[in-house]
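What follows is one structure encoded as structure tokens, with my remarks underneath.
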Amino acid sequence: MDTETSTAVPAATWRDAASGLVGALEARGLAAEICGHGAVRARNPACGPPDPGDALGRRLSPGLQQEVLCRTNAATGTLWWFWAWSGPERGSAPDLEPLCPLEDIWRAAERIAHVLAVPAEDSGDALP
């Protein structure tokens, strides 16, 4: 997805939306913070640090967290929230995937909460 850099987005424009998104995420039980120019990081506090004896948990740490970025959607020319997924190689830029328009805070919060959800009951499916 081709997006402009975050510095092209005026701070006054994204800051109110980012603050609203943080509030909407916290209302859903997630910890959230503005962590950069047009960036919001959400974390599920139910997933604390892994047990010291859990080798797989240590490799997968830091647990359930997700970052979204405010960028200009090249297809529409409007501001959107984008999922920031790990790039293909260590140190590479994140792979950005459109989430929703910037002003659609409810939809962004719902989708982020869904990604960071922890099932209430163990389904019995174990990781290999």
Residue list for segment 45-67, restricted to those being at pLDDT below 90 and under 13 Å from the mean Cα position of the chain (by Cα): G63, L64, Q65
Pull up segment 3-15, narrow it to residues that are surrounded by 13 or more Cβ atoms within 10 Å (Cβ to Cβ) and in a helix (DSSP H, G or I), then point me to the one that is modelled with the lowest pLDDT. S6
Modelled with pLDDT of 70 or more and on the phi > 0 side of the Ramachandran plot: is that true of G36 in this structure? yes
Which of the numbered conditions does R90 fail, given that it passes all the others? Conditions: (1) surrounded by 15 or more Cβ atoms within 10 Å (Cβ to Cβ); (2) of a type in the set (K, R); (3) modelled with pLDDT under 85. (1)
Looking at the structure I just gave you, is T72 closer than 17 Å to G38 by Cβ, of a type in the set (S, T, Y), modelled with pLDDT of 90 or more and out of contact with any helix residue (DSSP H, G or I) (no Cβ under 8 Å at 6 or more places or on another chain)? no
Which ones in segment 87-113 are in contact with a Ser or Thr (Cβ under 9 Å, 6 or more places away or on another chain), free of Cβ contacts under 8 Å to residues at least 40 places away in the same chain and assigned to a loop (DSSP other than H, G, I, E, B)? S92, P94
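The values are calculated or read from the model by the stated rules, or taken from the named source; none is laboratory data. As the structure is a prediction and not an experimental result, all values here were calculated from the model. Here the Cβ is made from the backbone with ideal geometry for all residues, glycine too, and neighbour counts use every protein chain on show.
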